[in-house]
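For reference, the structure is listed below as structure tokens.
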Amino acid sequence: MSIFFKDKSRNQLVSWEKLIEDLREIRSFNRYCKSDDYYEIFKNIIISMLSGNEIILLDSDISQTELSALLGSTSLDNTFIPVDKKITQITDKINLIEKLSHTNKLWRVSLFTSGTTGVPKQVNHNYETLTRFVKLSDKHQSDIWGYAFNPTHMAGLQVFLQALLNGNAIIRLFGLSMPEIHQEIELNQISNISATPTFYRLLFPCEQKFLSVNRLTSGGEKFNVVVSQRLKEIFPCAKLTNVYASTEAGTLFASVDDIFTVKTGFENLVKEINGELLIHKSLMANSISPVDDWYKTGDLIEIINPEPLKFRFILRKNEMINVGGYKVNPQEVEEVLQSFSGIEAVKVYSKSNSVLGNIVCCDIVSSFKLQESAIRLYLQTKLQEFKIPRIIRFVENLETTRTGKLKRN
């Protein structure tokens, strides 16, 4: 049996043959896709691609209040579209992939931004922008993907298309516990994983080494050197790639470390103003209409080299903490804290203060009981005084967003 999708949490094991059988029986689909069943979402995306009809992806846990704000009076029960009868003529896996690779250029998918802060907004992408960095070749046809994203958001959609168009097996990892993730990687001999640094931290501590994994991709959050070093220990055969992507633009840059180089042909489509990264409208989703042809990403960067342009991502513009006039990068403090033995995960954030405006605070998840005094002594050797958290809390876990990123606010 050739596996298409496995979801341990739902006891699902779907073959490519079963997928094709199910597709042939579908007579209509709802262009507003809202489900907690990944397989249902994947089927609807495939049907929309084959029929050329737009699909609008919604989070399964979206509230009625959020739905009303996003869609107005639209009822999800009245948005079904008949499916072209040609879909019933799909014969096998090769035939299906061939049809999908010729998806109508007018086909589009609508997503809603869901970063660490802010109100969601609708973004429309077409086949070209979604598959800009999909790699199709014989060497990728045996890949087995560990699926570590939410399928209704950009990263999850792009990983799905990478696996789908190469005919790969997809193994769900998102939402599983650490032991379950370890088990699924080993049991299914997963070769590729793409995830956020927050997800990768869920793998630790781990004494096991997974030799089947040959490719790791990190994105969605600032590249973390500490996490990278630990990943190399448990995935010794894997090449680690860092990507810069957004819901508005898709994947744009990739690097083996935290320094991105703008490739030939992109030189005039990327620039920096006052420390912020700007992207030309030609690289953006169809629904994005930036002022003066340039989209402000809200990402602060450090220029390493002007020509060719090389830069390092610092953080989101609205995440900087102002402490009595001093600027504190919370991710800098997090990286230092993560280098302290026993700290498995950490979130640094601000709290209002009548004297300083804000003070720095942090929540820590540890693998064993730690002494706050020891942590403070360590930080004093690594950070300036105003960057050291005034309040340190020890917690069981850190809250994440729907996309698996660390929730900042």
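What FRET efficiency, computed as 1/(1 + (r/R0)^6) with R0 = 22 Å and r the Cβ-Cβ distance, is obtained for Glu267 and Ile304, rounded to the nearest 0.05? Efficiency at R0 = 22 Å is approximately 0.90.
For Asp37 and Thr65, what is the calculated FRET efficiency with R₀ set at 22 Å and r taken between the beta-carbons, to the nearest 0.05? FRET efficiency, Asp37 to Thr65: 0.40. The C-alpha radius of gyration of the range 3-241, expressed as a fraction of 2.2 N^0.38 Å, stands at 1.03.
A convex hull fitted around the alpha carbon atoms of the range 204-305 yields 128 Å³ per residue. For the listed residue pairs Lys209/Lys263; Lys8/Lys43; Lys86/Lys281; Lys317/Lys387; Lys327/Lys405, the alpha carbons are over 27 angstrom apart in Lys209/Lys263; Lys86/Lys281.
Summarising the amide proton neighbourhood of Ile304: residues at separation of 5 or more, or on other chains, whose placed amide H is nearer than 5 Å comprise Lys310, Phe311, Arg312. Residues Asp293, Asp258 in ascending order of nearby Cβ atoms (within 10 Å, fewest first): Asp293, Asp258. The label point for Ile259 and the one for Cys237, both projected 7 Å from the Cα toward the Cβ, are 3.1 nm apart. Rounded to the nearest 10 degrees, the inclination of helix 38-51 to the longest alpha-carbon principal axis of the chain is 50 degrees.
Counting only other residues whose beta carbon sits under 13 Å from that of Thr88, what net charge do I get with K and R as +1, D and E as -1? Walk me through the intermediate numbers first.
On the way: positive: Arg24, Arg27, Lys85, Lys86, Lys99; negative: Glu21, Asp22, Glu25, Asp84.
Charge balance near Thr88 sits at +1.
If I build a Gaussian network model for the chain, linking alpha-carbon pairs within less than 10 angstrom, which residue out of Asn124, Asn150, Asn353 has the largest mean-square fluctuation? Looking only at Asn124, Asn150, Asn353, the largest GNM fluctuation is found for Asn353. Full extension of the chain between Lys382 and Ser142 gives 81.9 nm of extra length, using 0.36 nm per residue less the Cα-Cα distance. Arranged from fewest to most other beta-carbon atoms within 10 Å of their beta carbon, Arg402, Arg408 become Arg402, Arg408. Compute the acute angle (0 to 90°) between the alpha-carbon long axis of helix 178-188 and the principal axis of greatest extent of the alpha-carbon atoms of the chain; round to the nearest 10°. Around 40 degrees separate the two axes. Dimensions of the range 258-317 along the principal axes, based on C-alpha atoms and rounded to the nearest Å, stand at 31, 27, 17, largest first. With a simple spin-label model that places each label point 7 Å from the Cα along the Cα-to-Cβ direction, the separation between Asn274 and Lys99 comes to 5.2 nm.
Under a Gaussian network description of the chain, with springs only between Cα atoms under 10 Å, the residue in Leu70, Leu240, Leu96 that fluctuates furthest is Leu70. Note on the chain: Cα-Cα pairs beyond 42 Å make up 14% of the total pair count.
Quick check: from the Cα gyration tensor, does the range 96-195 come out rounded (a/c under 1.5), prolate or oblate? It comes out oblate by the Cα gyration axes. Take the Cα of Val225, step 7 Å along the line toward its Cβ, and report every residue of the range 330-360 whose backbone nitrogen sits under 17 Å from that point. Label zone hits: 330-341. In units of the compact-protein estimate 2.2 N^0.38 Å, the range 320-394 shows a Cα radius of gyration of 1.04.
Taken together, the values in this text are just the output of simple stated rules run on the coordinates, not laboratory data. Not measured: the values here are computed from a predicted model. No Cβ is skipped: glycine too gets one built from the backbone with ideal geometry, and neighbour counts run over all protein chains shown.
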